[in-house]
Every structure is written in C-alpha cells, then in structure tokens.
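Read through the structure below, which is laid out as structure tokens, and then see the notes.
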Number of protein chains: 2
Amino acid sequence: MSLNAILTRIDDDLPASLDRLMTLLRIPSISTDPAYDDDVQRAAQWVADDLATLGVDAEIRPTTGHPMVVGHVGEGAPHLLYYGHYDVQPVDPLDLWTNDPFDPRIEDTAKGKVIRGRGANDDKGQMMTFIEACRAWKAVTGKWPCKVTFLFEGEEECGSPSLIPFLEANSDELSAPDIALITDTSRFDADTPAITTMLRGLLGEELIITGPNVDLHSGGYGGPAINPIRVLADIIDALHDDQGRVTVPDFYDGVPEISDEIMAQWNALGFDDAAFLRDVGLSLPAGEKGRSVLEMLWSRPTCEVNGIIGGYTGDGFKTVLPSQARAKISFRLVGTQDPHKIRIAFREMVRAKLPPDCSIDFKDHGASPASIMATDDPAFEKARNALSDEWPNPAAFIGSGGSIPIAGHFKEILNIDTMLIGYGLEDDGLHSPNEKYDLRSFHQGARSWARVLDALTK
Amino acid sequence: MSLNAILTRIDDDLPASLDRLMTLLRIPSISTDPAYDDDVQRAAQWVADDLATLGVDAEIRPTTGHPMVVGHVGEGAPHLLYYGHYDVQPVDPLDLWTNDPFDPRIEDTAKGKVIRGRGANDDKGQMMTFIEACRAWKAVTGKWPCKVTFLFEGEEECGSPSLIPFLEANSDELSAPDIALITDTSRFDADTPAITTMLRGLLGEELIITGPNVDLHSGGYGGPAINPIRVLADIIDALHDDQGRVTVPDFYDGVPEISDEIMAQWNALGFDDAAFLRDVGLSLPAGEKGRSVLEMLWSRPTCEVNGIIGGYTGDGFKTVLPSQARAKISFRLVGTQDPHKIRIAFREMVRAKLPPDCSIDFKDHGASPASIMATDDPAFEKARNALSDEWPNPAAFIGSGGSIPIAGHFKEILNIDTMLIGYGLEDDGLHSPNEKYDLRSFHQGARSWARVLDALTK
C-alpha cells in the first residue's frame, strides 16, 4: 500500500530531513529587528529553492516589508492552501541559552532527543513536517497527492503588517483552495495529537509616557517633579481588578461562556493544572479567580505586560528621575471581542488616568479577533482519524491560548476555512531561550501529514 | 593687597585653567561601569599629577574599588580638608547629547558661555575651582594659604563602597583638619551664592522579582501564569498614598517640621516654583500635597523609581511573559530618618505584598542619613561674607535636595564639620544628557575660593 511506503520513506529519509531543517535554522531570520533583514531574505530564498527541488513554481513576492514565498503544484482535489512562516522571534536574553540559538543541536534529554535552537518549533520545524511529507509522497509516487498552493510569510513574529494587503491584492490567485492547513500549534500532550479549533485573538499596544522634558537628578527634582515610571506603574496596576479581571471598559463584551458540552470534552482530557504550572516553576494559577487553567488559556481574554523600560537599567545605580517610561502591553481576545473597540477603550482609559504634565504616545502593534474553526467540515473528522492512527491516543479538538491571526484573515479575505494541526509540546519554549522541538514531533509530524494527506485525498 | 593680586592672577590664568579642566573632562571616568575602570584610574593619576605640580605630596591609594587620591601641603591654621570626586555619571541616553559627552566644548548660549560635557559641573569643574584658587595663591605668594589635606574619591557616583573603610583605616591621618570643604553643590541662583547647610540622605535599593522560571509565551501561559512586571508595578504603585506620601511603615519617623524662622528665610529667597518646573517642561508640583517646591526639595523625604526593566524592550513587539522584572528605587531622607530601619521596613513591606509563586532578591545600593551642618562655627559666617563680596547678591544658607553622604561620614568617623560651597546652577543637567557648567561658575568659583581662603586664614 502506497501510504505505508511513504511512511517508510519518511523514516528512512529522517537524517537528510534533519540536515535540511538545520540549514534553515542556522539562518537568523528575526523579522522584528531590521538588523536581520538580509537574513530574513535569505530564509525566504532557502524555502523557495527547497520547494523548487520538489517541482513547485515557487516565487519570492515582494511586500513593503519582508517577502512572501508563493508556489503552486500538483493536480486533483481537494485544493489545499498550506501556510507557514519562515521568520523567528528575537533570542534575548541570550545568556540564558545553553547553545547559540542559531547553531542548532540535537540533544539527548530525559524525555528523548530534541532539536534545540530558535525556530526549532516555531515555525521552521513545524512547517518542514509538511514539506517533508510532500517530499516523501513525491519520491514514492512520482507525483503530488493533490493540488497544493503554498504561502510562506516572513513577518508572522512582528505582527504581519504586509499580510492583509498581500491577501487582498492576490485574492484571485489565493482564494481557489478548498481548505487551508497550518502547522503552528501543539499536540495536547506527548501521546495525544490535536486539531486546534479555537484560537485567541491578539491586540498589541505600546505606551510611551513623558513627564519632564529631560532626565533629571532625583536629588534636585525628586518630590516636585513627576516620575513617568511611577505613572506607568499606576496605569499597569489599574488594568486588573482584585479578581484578576481586566478593567478596560466593556472589555468583556463578546466573551462567551463555554458550553457544557465543550467543557465536558475539555474536562475529559485530564489536563493537569499542577503539572502545567510546576514545569515553569509555579504552583498556583494566577489570573481570573474561579476559572480553571485550561478555561483561562483557551476561552478567557487576558491583558499582559510584555515589556517595560525606563530610567537607568545598567549595572550599579544612577539617581535619575527619567523623562520617559514605556511599556508593551498585549490583550488576548476570545469569542467576538472587537480588537478595535478595545484599543479605543484602552487608550481612553489610559489617557483618563494620566496626571497633569504627562503626555503619552501609543504605538499600534497589530490587532486580530479570535478564531473559531469550521469543525463541521468533513475534513476535520478525516484528519482526526488519520492523526489517531499515528499516535498512541485518539486526536482531540482543543483550544489554544495563542493567536494565529492568519486563520481569521483566510476566512475574511479568501473565504477559506483553516485546519490547524501542529506537533509542538507546551514545554517547547516558544519565544523563550532554549526553544526546542522533539525529534519525535518532527518525525511523527511528517508521518502525520502523510496520513492526513492520504485521508483528505481518498 | 595680596587678595586682589590673586584674583587678578585667576582672571589672567583662565584660559590655561580651562585647558586643564578640558583635559580632565576628556577622561571618561564612569565609576559605576566596570568597562571604564582604566579611565577611572587615569583620572586619579591626572589629579595626583596636577597636585604634584603644586607641591602636594599626592598619592594614589588603592581600595577594593577605585582608588583615593590623598595629599598634604602647606602650613598654618586652619587645617583644611578638601574633598572632591573625579568620577562621573554614565552618559546614557547618548543620543540626547548635542556633543560627545567626553569631547567637552565651550558653547555660547543665551545665558552666556558654558562648558558642556559629562563632569563639567559634577564634580570635575566644581573641584577644579578650588585647585585653581590654590594654584593662583601659590603663584602670587609663593606658598599655600594654610595647611591643606586633599582627599579625592573615584566612587562617589556609585555609592562610595570604599569610602567608610578608607576613612576608618586612615582616621589618624585624616582627622587632623579643623574643617572640611566640598564643592559639589549649587548657588541659589545666578546672582546669589550659597552655603548648603542641609542635605538629604540617600538609600538605594534594587528589586529583582522572579515569577516563572523561564520567559514564557504570553499566548501559551497568559492568564494562569503570574507576570512579574505586573507584580512590580503593583509594588511601585503601593509605595505612595493618594496624598503623595510614602507608605513604608514608620517612614516619617525623624522627619522634622521646618521652624518658622528657617521657613521665613527660605520664603525670603523668592524661589519661583513655576519657573523651576517650567524649565523642565512641567507646570504643577507633583509630590506631597500641601508642600511648596522648596520645602519638598530641601526638607521632605521622597521615594523614586530610578530605573525599571522587564520583558522585551527592543524594536517591534514580542509576546513574552517574562520570568523576571527589576527596578532601582531610591529614598531621599531628611532629619534623623534612619536609613537602615527604612531599608528593613521597605523590604518587609515589599515581601508582604509579594504574591505566591514570586521570589524577590534585593540589592543594597548604599545608605546615608541626612546632614545638617554646624552653622554656629564662625567659619560659616566668614565664608558667607567672602562669597557676598564676589557675587551681586549676599550669600544664603540653603538646603539641598541632593545627597552628599561624605559630610555625614566626616562627622561620624573623623569628627570634622563640613562646609559645602558650590557654584553650580539648577539647570546644569547633573546626571543628565548635556551636562554643563557656566564659564562664570568656573571662573567666579575659583575667585570665590580665593576670597574664602583669605577670610578663613585671616
């Protein structure tokens, strides 16, 4: 049977597959930092070149930011749109890495072999599982399983500024596929594959508060001069009430309570709150009182401070009373929460809290609503069965605390539903030092895609 | 008369005096940053070499940190201890400087010529006024006005960690003088010289709060995982009440109300609150409600955040939920406030506010109580008259918001009173970008010291 031959081919080709992934991981394609612009371009070129070896007419398409890689290949139904992103997160704090984040290693750990490096999971390792499945399919059968359109982005980690204009400008070309596939999510646990059917939205804001027009000496001015760090701390403190709820006016408009049926499914997964927290050095759930960890992650909105800086932050001490303080703040959104309304309400609330003599600038770091997938499409059940064949436990439909705005954009702009199948694990350290991807995630990920492609094209 | 000849000599020698100061200013002796250790050493050597040209047996004395420069010279009463510091503050943010902070310039401004560069005032420009006065005295009279012991420190801007041990280890040598002189304060205004008789103390603390044991993805953990930036903001916000008072328990123990007599003197100075604030872009006094600006600066304690950092602070956005957040916090102290008791109360208060799953580390960045000078010593009245002869307005006894812990140490360890006479102005930008020292401050500062030396030795 052809599927078994393809799976065997994936097994046999694993060393070469890993070599290819390592080459891609060595390119520091950090999209948020202009210092790495050339590397982002190099990563796009590598992806296009690799696709070309498989007969894809891959092109690097310019945008006003980092380019897209687009390609078409194959014949037959269904027509799939495969999306991935070849850019990665910054790597600071660099001193917490056990190896150079762009000199990836295969490491033996207590839980098995892992691929260690920036992008090992997010998204280079994940997206290569699909490409390796297609490579094996073509090697064994001499053709592609069906018609596939590829779309690879280089700005996913910096808010995707070019994505919507690109989808709109190329909607004729990109709206033909029947369903989109993305590998940028996790399994439920090491033995349980998953299809992610609920994603939180994301709203990013940056605040720059200015008090005095110059940095001052805290001896010569401390007391009568307002301190923007204290103003910022006051604003941050006011963003939550004592129940852990976000205080932005009307923030909870559009936040649905989860149905008893879905809650029962989630409870049946046996998620271990204590173990989840223990893995990152914690013991008690923070956040909204009266909500379980899974409920908070998959179905509740949040407000987090992702960065803060002001005054003197070097070694030693400097008695400065700074002119400015700034923070990066993000909101995770669920249900039908409207990111644009929330941005306006947030800015109004902050401005209202601003004391006299302080001014504020806001920077918009993107906005996307939550996504809920079309699980009534038969493709979901086919994929669930295919995944269940590969892994020890049956596949689950799960939620995700993260945000993949692209799924919403595909629906809105291209009218295409998305199926999110990923092989990461919660301890992969996405966006953190020592990011990793289990060798098993990579290997069985590719095998899983072969099974799903087989199921979808039968 | 000899004094007039000395003053004329100072006038004639001004260009050469400036050349000497510029040479010292070009040495980037930033004491708080180990990258500049060699430069701090070079600055010590420059001071010792310059003193040697005046016949002082100057020595560089090692400490566990940056060295002291100690020298003795002259004969006759009173025996003066002159203290200055040859180290300077860091220069960030560098992009706000109009010139390289270590390539000093003489600039024409609307208010006259200024010397622009790091240390132009604090303390290189100020301390050189005394050395230049002595140089002129020796050039004209062939000798020193009296016995002088010099002590120059290289750690004043980083909390003076070696100072107390050095004073204690050398108290036999250093306790002989009758009075100490320091040039590290300001005139009251451009036309009014001042002797600073009250100084605030300083307590420096650094807090490092750890929540999760690794930086997390705010999508995968936002909600149930505690965010140390939010914890830190909450702590900072709780340090003041809505009246602007510091909430550390028993913080106001030892804070005296200013007597009607002193308050009347201060009111007579005609300090312009609005102009003071306007110069730095502000319009309303922050701080304790019901207190004037001068009262807050000279006689009220404060708590300020001097620096804060956590999470991602680079360009763009990163949805990290950080493991750590840190802040540098300082307290200005008055009266008989006990810095050690306040440190303990502060740490207890912070620990009590710490939520479960967070740990905290404190770093001690020094502690010194407030100083109140011995104005009943006749030297003060002699100096006040001498200063009044040099400047348009009579000299004033004033307070200062800043901290010069050395005055307290001289009293406690050496049993020597200190007289603080300085020539800076409030807009000199100490510890800020574009630090300056008016050419008039430098020139008439040297002339002022010649007059004070003449008055003290008569």
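Taking the conditions (1) over 29 Å from B:ASP172 (Cα atoms); (2) touching a residue at least 12 places away in the same chain (Cβ under 8 Å) in turn, B:ARG61 satisfies each one other than (1). Looking at region B:232-242, can you tell me whether even one residue there is assigned to a loop (DSSP other than H, G, I, E, B), within 11 Å of chain A (Cβ to nearest Cβ) and more than 16 Å from B:LYS328 (Cα to Cα)? Yes, there is a match, as at least one residue in region B:232-242 is assigned to a loop (DSSP other than H, G, I, E, B), within 11 Å of chain A (Cβ to nearest Cβ) and more than 16 Å from B:LYS328 (Cα to Cα).
Identification of strands (runs of 3 or more DSSP E) wholly contained in region A:167-231 with 3 or more residues that are within 14 Å of chain B (Cβ to nearest Cβ) yields A:194-199, A:201-210.
Applying the criterion of at least 1 residues that are within 19 Å of B:THR418 (Cα to Cα), touching a residue at least 12 places away in the same chain (Cβ under 8 Å) and small (Gly, Ala, Ser) to the strands (runs of 3 or more DSSP E) found wholly in region B:74-150 leaves B:80-85.
In this structure, B:GLY71 does not qualify as touching a helix residue (DSSP H, G or I) at 6+ places or on another chain (Cβ under 9 Å) and either among the acidic types (Asp, Glu) or over 24 Å from B:LEU414 (Cβ atoms) (or both). Among the residues of region A:405-424, are any touching a residue at least 40 places away in the same chain (Cβ under 8 Å), under 18 Å from A:ASP108 (Cα atoms) and within 13 Å of the chain's Cα centre (by Cα)? Scanning region A:405-424 turns up at least one residue that is touching a residue at least 40 places away in the same chain (Cβ under 8 Å), under 18 Å from A:ASP108 (Cα atoms) and within 13 Å of the chain's Cα centre (by Cα). Filtering A:LEU14, A:LEU18, A:LEU24 for residues that are touching a residue at least 40 places away in the same chain (Cβ under 8 Å) and surrounded by fewer than 18 Cβ atoms within 10 Å (Cβ to Cβ) leaves a single hit, A:LEU14. Checking each residue in region A:233-247 for being out of contact with any Leu (no Cβ under 7 Å at 6 or more places or on another chain) and touching a residue at least 24 places away in the same chain (Cβ under 8 Å) picks out A:ASP234, A:ILE235, A:ILE236, A:ALA238, A:LEU239, A:HIS240, A:GLN243, A:GLY244, A:ARG245. The set of residues from region A:440-458 being more than 20 Å from the chain's Cα centre (by Cα) and not basic (Lys, Arg) comprises A:HIS443, A:GLN444, A:SER448, A:ALA450, A:VAL452, A:LEU453, A:ASP454, A:ALA455, A:LEU456, A:THR457. For region B:301-337, a residue qualifies if it is under 30 Å from B:ILE258 (Cα atoms) and of a type in the set (A, V, I, L, M, F, W, C), and the qualifying residues are B:CYS303, B:VAL305, B:ILE329, B:PHE331, B:LEU333, B:VAL334.
When only residues in region A:44-71 that are in a helix (DSSP H, G or I) and over 24 Å from the mean Cα position of the chain (by Cα) count, which is nearest to A:GLU157 (Cα to Cα)? Across region A:44-71, the extreme among qualifying residues is A:ASP49. Apart from one condition, B:LEU7 fits all of (1) touching a Leu at 6+ places or on another chain (Cβ under 6 Å); (2) assigned to a helix (DSSP H, G or I); the exception is (1). Only residues that are touching a Ser or Thr at 6+ places or on another chain (Cβ under 9 Å) and of a type in the set (Lys, Arg) were counted across region A:332-364, and they come to 1. Can you find a residue that is modelled with pLDDT of 95 or more and under 24 Å from the mean Cα position of the chain (by Cα) anywhere in region A:256-273? No, region A:256-273 has no match at all.
Residues in region A:189-199 that are within 13 Å of A:GLU426 (Cα to Cα), buried (at least 24 other Cβ atoms within 10 Å of the Cβ) and of a type outside the set (Gly, Ala, Ser): A:PRO193 alone. Can you report the number of residues in region B:326-357 which are within 29 Å of B:ARG200 (Cβ to Cβ), in contact (Cβ under 8 Å) with a residue 40 or more places away in the chain and more than 28 Å from the chain's Cα centre (by Cα)? Of the residues in that region, 4 qualify.
The listed residues are B:SER400, B:SER441, and the only one of them that is polar (S, T, N, Q) and either under 28 Å from B:PHE331 (Cβ atoms) or within 14 Å of chain A (Cβ to nearest Cβ) (or both) turns out to be B:SER400.
Restricted to region A:86-127, and to residues there that are closer than 25 Å to B:TYR312 by Cα and hydroxyl-bearing (Ser, Thr, Tyr), the residue that is surrounded by the fewest Cβ atoms within 10 Å (Cβ to Cβ) is A:THR98. Can you tell me which residues in region A:72-107 are small (Gly, Ala, Ser) and over 21 Å from the mean Cα position of the chain (by Cα)? A:GLY74, A:GLY76, A:ALA77, listed by residue number. Taking the criterion of being within 14 Å of chain B (Cβ to nearest Cβ) and acidic (Asp, Glu), the only residue of region A:362-397 that qualifies is A:ASP364.
The requirement of being surrounded by fewer than 24 Cβ atoms within 10 Å (Cβ to Cβ) and within 14 Å of another protein chain (Cβ to nearest Cβ) is fulfilled nowhere in region A:128-145; no residue meets it.
Please verify whether region A:422-434 includes one or more residues that are charged (D, E, K, R), surrounded by fewer than 21 Cβ atoms within 10 Å (Cβ to Cβ) and at pLDDT 95 or above. No. Out of all the residues in region B:372-391, is one or more modelled with pLDDT of 95 or more and crowded, with 24+ Cβ neighbours inside 10 Å? Yes - at least one qualifying residue is present in region B:372-391.
Within region B:27-53, count every residue that is within 17 Å of B:TRP144 (Cβ to Cβ), aliphatic (A, V, I, L, M) and surrounded by fewer than 17 Cβ atoms within 10 Å (Cβ to Cβ). Residues meeting the conditions: 1.
The values are calculated or read from the model by the stated rules, or taken from the named source; none is laboratory data. This is a predicted model, so every value here is computed, not measured. Positions of Cβ are backbone-derived with ideal geometry, glycine not excepted, and every protein chain shown enters the neighbour counts.
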